[in-house]
Ligand SMILES: CCCCCCCCCCCCCCCCCC(=O)SCCNC(=O)CCNC(=O)[C@H](O)C(C)(C)COP(=O)(O)OP(=O)(O)OC[C@H]1O[C@@H](n2cnc3c(N)ncnc32)[C@H](O)[C@@H]1OP(=O)(O)O
Ligand SMILES: Cc1cc2nc3c(=O)[nH]c(=O)nc-3n(C[C@H](O)[C@H](O)[C@H](O)COP(=O)(O)OP(=O)(O)OC[C@H]3O[C@@H](n4cnc5c(N)ncnc54)[C@H](O)[C@@H]3O)c2cc1C
């Protein structure tokens with residue numbers, strides 16, 4: 001096997017200064033977890049019918065979807081069969097997330113993703129015990145396929161502005177779902193168009209003409225046998241997109257569609273038979289499914305970034321270009337410090353996101369356990385932090401994946417590199433589950449509140465306590481980890497304080513608080529830094545940084561090998577373990593349908609008559 005591996009990659013692996021397997025074990029959560037994950041991958045990836053004969057990119061829009069449904073079914077069954085009964089559910093989930101197994105099957109994404117990522121979590125988080133028992137029995141076996149239908153044509157961010165109505169009719173003990181306008185149509189939910197037959201719909205509840213806020217309802221919209229849309233349902237697909245083309249995002253309108261009373265998910269708020277409305281202890285609990293997915297996204301970004309950077313680093317070790325020194329031959333492009341600068345930050349960020357995701361997941365689990373006991377104290381903090389980390393990790397990942405793509409030059413533009421598709425997946429996350437600017441502003445809102453509390457002498461939660469630390473305006477720069485953290489805190493404090501000062505200035509000038517907020521919102525999102533780092537500090541930091549790039553250089557291939565993605569999961573001509581980049585590019589090019597015949601019919605139909613002046 002090693003005879004086939006590219007020589008440069010072999011040399012890189014010999015040069016590596018650390019134990020790659022140890023890092024892999026660390027990422028998996030132990031040596032046993034690595035073994036379990038690899039066993040799962042062996043089993044699932046040996047399943048027949050899981051892979052494409054014709055590359056996904058050469059299929060039509062309709063064929064792509066149909067092929068994705070075919071593969072989703074085979075993949076789901078393979079995953080079920082590969083389940084190890086001796087493992088806990090958490091261990092199985094960890095192995096699945098870490099391996100990114102689905103990426104071996106879908107270069108895009110699965111038409112079942114919303115069922116697993118949102119429909120089931122919405123039932124778990126929003127249904128009462130009886131409802132949970134009934135619906136989970138069906139949903140967990142996929143007897144029904146569901147999605148999460150919140151966003152409408154007219155409103156995504158502003159949930160309180162949703163127009164779909166659910167009007168309670170006490171006579172029949174039913175809710176009447178209705179889309180009063182075009183902009184009330186549900187628009188975007190994945191799987192909605194042709195895959196799912198049920199969904200959790202977020203709609204504005206009215207009882208006796210009185211608004212009772214946005215509530216979740218479980219709605220059947222297709223017949224379970226024929227899959228035909230039910231009466232009162234208007235349904236379709238929203239069309240081609242930058243990515244997510246196999247996810248089957250759809251639209252859905254209701255025309256006075258009736259559902260029984262027990263289809264409102266009633267864990268938090270309830271409607272009794274006679275129409276009595278029992279309020280939720282906190283109206284924001286209805287937004288719980290989104291908080292959960294924001295937490296999951298952070299880990300998803302760490303893995304997708306690791307995948308992109310693995311492809312780009314391996315390619316950069318194989319690719320030789322230009323000259324560094326006369327007559328020294330063409331160097332590996334990984335030897336250019338600019339290339340290291342583009343890529344090593346991706347490796348580091350992936351690790352940072354992995355650790356952050358672990359921390360955030362623990363926080364989520366704790367707050368959720370508290371909520372079950374009726375303690376809502378830490379919900380605002382979880383919301384603020386999940387918003388911020390979702391926004392920061394998706395923004396950074398998009399930038400770093402795109403940088404990985406362009407760092408591969410022309411070959412990174414090829415769909416066969418898989419980098420454009422990975423970009424399509426991660427950039428979507430900047431918008432879905434809360435548009436990033438909007439989420440940053442949610443965090444800013446909590447920070448401003450916290451600073452006000454700090455200034456009035458109140459104690460802050462641990463994650464925001466830096467706002468009450470006494471900070472001198474002239475920080476003495478220190479390049480240690482502690483020093484850098486202190487520097488960040490100083491910058492963060494400065495940003496919040498400056499935004500707050502700006503808001504107060506606008507209020508003093510006569511603006512209302514909402515307008516003052518809007519005027520200061522650029523500062524609130526990315527306020528200018530009153531940082532006290534001097535030019536000399538920056539120069540020193542830059543030297544340290546270049547030094548670090550040099551230290552990482554011999555370990556770069558080892559570091560990405562440690563992510564331990566199989567070739568099938570990387571799904572890339574540029575990133576395979578053996579580095580046969582050029583051979584794979586040619587093999588894939590030959591799969592283009594245009595290469596099936598030496599002369600295309602368009603020559604005789606259009607080009608020849610055109611070139612001969614006969615057209
Ligand atoms: C394979 C791909 C590669 C990546 C892998 C990733 C792996 C995982 C993903 C798997 C695939 C998933 C596929 C895609 C799924 C996308 C699904 C969607 O987009 S579904 C659609 C997703 N759609 C969205 O995400 C919509 C985004 N919009 C929103 O979330 C809200 O409307 C809002 C938060 C912006 C405002 O809400 P509004 O009601 O106007 O509230 P106000 O501003 O007036 O603030 C009032 C007070 O409430 C507080 N508070 C607010 N929220 C919460 C909370 N959750 N909790 C607690 N508190 C909360 C707030 O702090 C404030 O407190 P205070 O200051 O007064 O004390
Ligand atoms: C791939 C993909 C999959 C999706 N899947 C689903 C799904 O399964 N189910 C579902 O229900 N939805 C889904 N969505 C919808 C998604 O959740 C929304 O698109 C998202 O919440 C953003 O809302 P919007 O499109 O209304 O953007 P808008 O809110 O209209 O944003 C447009 C611009 O306005 C700005 N803006 C809006 N409000 C403010 C504000 N208060 N302050 C400052 N700026 C503001 C934003 O920053 C942005 O620049 C999906 C979206 C995508 C792209």
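Summary of values
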{"quantity": "Calculated FRET value between residue 592 and residue 456, using beta carbons and R₀ = 60 Å, to 0.05", "calculated": "0.35"}
{"quantity": "Helix-only CD estimate at 222 nm, as mean residue ellipticity for the chain, using -39500 (n - 2.57) per DSSP H run (n ≥ 4)", "calculated": "-15500 deg cm²/dmol"}
{"quantity": "Listed peptides 161-172, 436-447 by packing density, highest first (mean Cβ within 10 Å)", "calculated": "436-447, 161-172"}
{"quantity": "Separation in nanometres of the label points that stand 7 Å from Cα toward Cβ, at residue 226 and residue 463", "calculated": "5.0"}
{"quantity": "Listed peptides 591-597, 333-339, 56-62 by packing density, highest first (mean Cβ within 10 Å)", "calculated": "333-339, 56-62, 591-597"}
{"quantity": "Pairwise FRET efficiency - residue 137 versus residue 15, Cβ, R0 = 41 Å, nearest 0.05", "calculated": "0.15"}
{"quantity": "Global geometry of the chain, whether rounded, prolate or oblate, following the gyration tensor of its Cα atoms and the 1.5 cut on a/c", "calculated": "oblate"}
{"quantity": "Alpha carbon centroid spacing (whole Å) that separates the stretch 35-94 from the stretch 11-25", "calculated": "29"}
{"quantity": "Where a label projected 7 Å from the Cα of residue 365 along Cα→Cβ would reach, residues of the stretch 1-34 with amide N under 16 Å", "calculated": "28-30, 33"}
{"quantity": "At R0 = 41 Å, FRET efficiency that the Cβ-Cβ distance of residue 89 and residue 479 yields, to 0.05", "calculated": "0.40"}
{"quantity": "For the stretch 8-60, alpha-carbon Rg relative to the globular expectation (2.2 N^0.38 Å, N residues)", "calculated": "1.69"}
{"quantity": "Cα-projected label distance for residue 130 with residue 241, points at 7 Å along beta-carbon direction, nm", "calculated": "3.7"}
{"quantity": "Virtual spin-label span in nm between residue 60 and residue 548, 7 Å along Cα→Cβ", "calculated": "5.2"}
{"quantity": "Relative packing of peptides 417-424, 231-238 - highest average C-beta neighbours within 10 Å first", "calculated": "417-424, 231-238"}
{"quantity": "Convex hull per residue volume in Å³, alpha carbons only, for the stretch 116-280", "calculated": "114"}
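A short reminder: the numbers here are calculations on the coordinates, not readings from a lab. Nothing here was measured: the structure is a model prediction, and the numbers come from that model. All Cβ positions, even for glycine, are placed from backbone atoms using ideal geometry, and neighbour counts span all protein chains on display.
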